[in-house]
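Everything on this sheet refers to the single structure shown next.
Every number here is computed from the coordinates shown, using simple stated rules; none is lab data. Predicted, not measured: the structure shown is a model, and the values here were computed from it. Note that each Cβ is placed from the backbone with ideal geometry, even for glycine, and that neighbours are counted across all protein chains shown.
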């Protein structure tokens, strides 16, 4: 393998490994691209919660009643865009969505604090708010934070391809990697 491609592979793996262990990692917030039922592109910010290098996957939490849960069930292929503004580095992860819920999510659910669990116990995402209720995330009086457990889900993106881009004033560099072949990946440079 080209030594430069090999070095970029190691760098991407290091970035992915660092995301789940560092709340302040510059790529922890990523942009999820999906298609809604009409085929309209939908993009939203998600928080990467878990990563794996073998097989390559990235996971995030969501409410199972949300449009993104439904969109990723309907259209199994999608992508995440990670960007480090200071380093001017972009990593696009393309792959197939897989869904986990209930027993598969028990440990992740228990690891959330009460305030985070409370987010899943209210009305479904996108539900119009009663104008007499104050805006914010305050729980309803007497609400049980565990009442949202059945709404909590994890979406995994099983990555099949990575598109890496380094942006600079002098020259952009871009490489594409197939992550399904083996642990070394298969990569090559392409025109940015």
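Observations on the model:
- Listing 91, 181 from fewest to most neighbouring C-beta atoms within 10 Å gives 181, 91.
- Short-range pairs are left out: with C-alpha atoms under 8 Å and at least six residues apart, the relative contact order of the chain is 22 percent.
- Taking the longest Cα principal axis of the chain as reference, the axis of helix 3-21 is set at about 20 degrees.
- Cβ crowding within 10 Å averaged over residues, with 42-51, 152-161, 106-115 ranked highest first: 152-161, 42-51, 106-115
- Prolate/oblate/rounded call for region 66-118, Cα gyration tensor, a/c under 1.5 rounded: oblate
- The shape of region 29-117 comes out oblate: with a ≥ b ≥ c from the C-alpha gyration tensor, a/c is at least 1.5 while a/b does not beat b/c.
- Shape category assigned to region 49-192 from the gyration tensor of Cα positions, a/c cut at 1.5: prolate
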